[in-house]
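The values are calculated or read from the model by the stated rules, or taken from the named source; none is laboratory data. None of the values given here were measured: they were computed from a predicted structure. Here the Cβ is made from the backbone with ideal geometry for all residues, glycine too, and neighbour counts use every protein chain on show. Surface accessibility is based on the protein's heavy atoms, side chains included, excluding ligands, DNA and RNA. Shrake-Rupley method; radii C 1.70, N 1.55, O 1.52, S 1.80 Å.
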Amino acid sequence: MDRTRRKAPRRAPSADRHPVLARGHAASAVAAVAVPPLEFLAHASSVLAASLDYETTLSNVARLAVPSLADFCVFDLVADSGAIQRVAWHYEEPAREAAFDDVWRFVPNADLDRHPVAKVLRTGRTEFVPDVTDAWMEAVATGPEHLQLMYDLALRSLITVPLMARERTLGAVSLCRVGASPHFTPEDLSLAEELARRTAVAVENARLFREARNAEARYHGLFSNAADAILVADGDGQYLDANPAASELLGYSREELLGMRVADVVAAGPDWTEAEYARFRTEGSWRGELDVRRKDGTILAVEAQATVVPSPNGPVYVSAVRNISERRALERLQREFIAMVTHELRTPLTAISGYAQLLRRRQAYSDSAVDAILSQVKNQERLLHDLLDASRVETRRLDLHRTSVDLTALVQACVDQLRSVTQACAVRVEAPASPVEGWWDRGRLEQVLNNLLSNAAKYSPDDCDIEVRVEALDAEARVSVRDRGLGMAPEVLPQLFDRFYRVESTAGRVSGLGVGLYIARSLVAAHGGRMWAESAGPGQGSTFTFTLPLGSPPEGR
Ligand code: ADP
């Protein structure tokens, strides 16, 4: 630490007796290098116009002011937080660099009213102290170190002028003369005020420019990263800009889109597009659903919301576009599902009502009619049960009640049950001689097996020949159900297990809800197993396979 600072503040020796100050004063004899005011201001104006970065500009102005107007010059600006920030300062005395550098440390708090900078920023009025006295320094000092600094610099004369723009105090410029330099005169004050006025305009411009650039960067970030496609067009529908999401949605690069018009993209045709675009122009906004044509020719359903945005070069037409093809598919699925459920539930009801009418007409009990009614009621129950299960899968409320189960015995029981209801089917079972046991939910596995077996029978209208294989591999049991029935195209295989999915070519021939496989796969997955389907193609039969982890019940069960 500097020795002088450890002691109480003490007045600096007079300039001619102090070797460092003496050198400093020789270099900072302001009057000796004085520049005519008009020339000085002309220089200042060109410096102020040179850059839109205000830190650079202020630093250059400070360099201009020293030594022609002052021995040192400091610019303070008010930050958005209200704090005072010392942004630029200049002095030209290498010998007293350390002392001047400390100027940087003594930035006052905004509420420290006695400090000239804080005072000027609060009042918006110039602080002119042509003759700095010890008493003044003692009154304004922020503390002993600050006072010592003013002593060390031999502060002689001070002007602090506010930088005002649009009735706002942006900051202040402080000009100081030290040592043997002459006191500031009223002419110096006028010059300083004019310099401050010009500087304030430049700072305000630089600040506005920076704000505009920040805003642009912010909006550009929003535009570029928006999940929705955003397209900007002119009044003729010519695209002016497109964000990456728009390129992704439409399959065109931004450059390609800039050479295109709205009508090139909207699939409804130019007449409709022109008419709607004209309506959009007059009404100032447009919202609706439409189809767009992607670069690869595919048509995409989208929802668009468009607004007219005023800009200095005339209005621009901004549309936010969102892909709604999934929503449309879901809506279609819902419509189809309701039609399917209605149909499937009505079929057993029609049969029940037919048999009931038959009984009434005959006025006699008939075993076969009652059996048929009961069988249709069972069908109805199964459908409702499946729907309930599908909703349980959806809401993850499928609980398993595990016990020790022999898969071979379970398969055999399900096959026997199938045989009892469908005599037309030949069903073979291949299974190991020893039990294939695991810790599973018997009822749920029965449901899975019944679904696969009844599908194999249902979708084999001509040749019902079913083979069921049970295997015990290393860590898992595997069951496959093969039929020689309708089979399916390989491309539909991945969708078979989707909720409500039915293969179009077979759905028309056989009744069903399209939830059996969805539930079966979810049940197998809940057991920790997998399920998949294979088919060599339509008419080639299918094989459905699932696995289940083998193993004993966890400890303590
Ligand atoms: P559902 O049989 O009630 O329609 P599933 O979920 O059990 O519902 O089956 C979904 C679809 O998979 C069926 O509609 C059918 O198109 C196809 N499918 C299922 N099993 C077979 C099979 N063994 N052979 C041919 N297609 C099948």
Subset of the stretch 490-517 (residues that are in a loop (DSSP other than H, G, I, E, B) and either buried (at least 18 other Cβ atoms within 10 Å of the Cβ) or within 8 Å of the ligand (Cβ to nearest atom) (or both)): Leu496, Phe497, Tyr501, Arg502, Val503, Val510, Ser511, Gly512, Leu513, Gly514, Val515
Matching entry among Arg218, Arg213, Arg281 (being out of contact with any strand residue (DSSP E or B) (no Cβ under 6 Å at 6 or more places or on another chain), open to solvent by 30 Å² or more (accessible area, probe 1.4 Å), among the basic types (Lys, Arg) and over 30 Å from Leu52 (Cα atoms)): Arg281
Residue in the stretch 175-198 that is open to solvent by less than 10 Å² (accessible area, probe 1.4 Å), under 26 Å from Glu93 (Cβ atoms) and within 49 Å of the chain's Cα centre (by Cα) present: yes
Pick from the stretch 70-117, criterion of a type in the set (Val, Ile, Thr) and under 15 Å from Val140 (Cβ atoms), ranking: modelled with the lowest pLDDT: Val103
Strands (runs of 3 or more DSSP E) completely within the stretch 382-474 that count 2 or more residues being within 16 Å of the ligand (Cβ to nearest atom): 426-430, 465-472
Yes/no for Gly443 being at pLDDT below 95, closer than 27 Å to Arg397 by Cβ and either of a type in the set (S, T, N, Q) or open to solvent by 20 Å² or more (accessible area, probe 1.4 Å) (or both): yes
So His115, is it under 55 Å from the mean Cα position of the chain (by Cα) and surrounded by 21 or more Cβ atoms within 10 Å (Cβ to Cβ): yes
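To keep it simple, each residue is scored yes or no on (1) in contact with a strand residue (DSSP E or B) (Cβ under 8 Å, 6 or more places away or on another chain); (2) modelled with pLDDT under 90; (3) under 30 Å from Ala304 (Cα atoms).
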residue	(1), (2), (3)
Ala192	yes, no, no
Asn225	no, no, yes
Asp228	yes, no, yes
Pro244	no, no, yes
Arg254	yes, no, yes
Test: Arg521 is assigned to a loop (DSSP other than H, G, I, E, B) and either closer than 17 Å to Glu394 by Cβ or among the polar types (S, T, N, Q) (or both): no
Qualifying residues in the stretch 152-174 (those that are open to solvent by 10 Å² or more (accessible area, probe 1.4 Å) and out of contact with any helix residue (DSSP H, G or I) (no Cβ under 7 Å at 6 or more places or on another chain)) - the one nearest to Val78 (Cα to Cα): Arg168
Among (1) open to solvent by less than 30 Å² (accessible area, probe 1.4 Å); (2) over 51 Å from the mean Cα position of the chain (by Cα) - the single one Phe106 does not satisfy: (2)
Odd one out for Asn323 among (1) out of contact with any Phe, Trp or Tyr (no Cβ under 9 Å at 6 or more places or on another chain); (2) open to solvent by 60 Å² or more (accessible area, probe 1.4 Å); (3) closer than 30 Å to Ala520 by Cβ: (3)
Per-region count, the stretch 534-557, residues surrounded by fewer than 18 Cβ atoms within 10 Å (Cβ to Cβ) and closer than 30 Å to Arg346 by Cα: 2
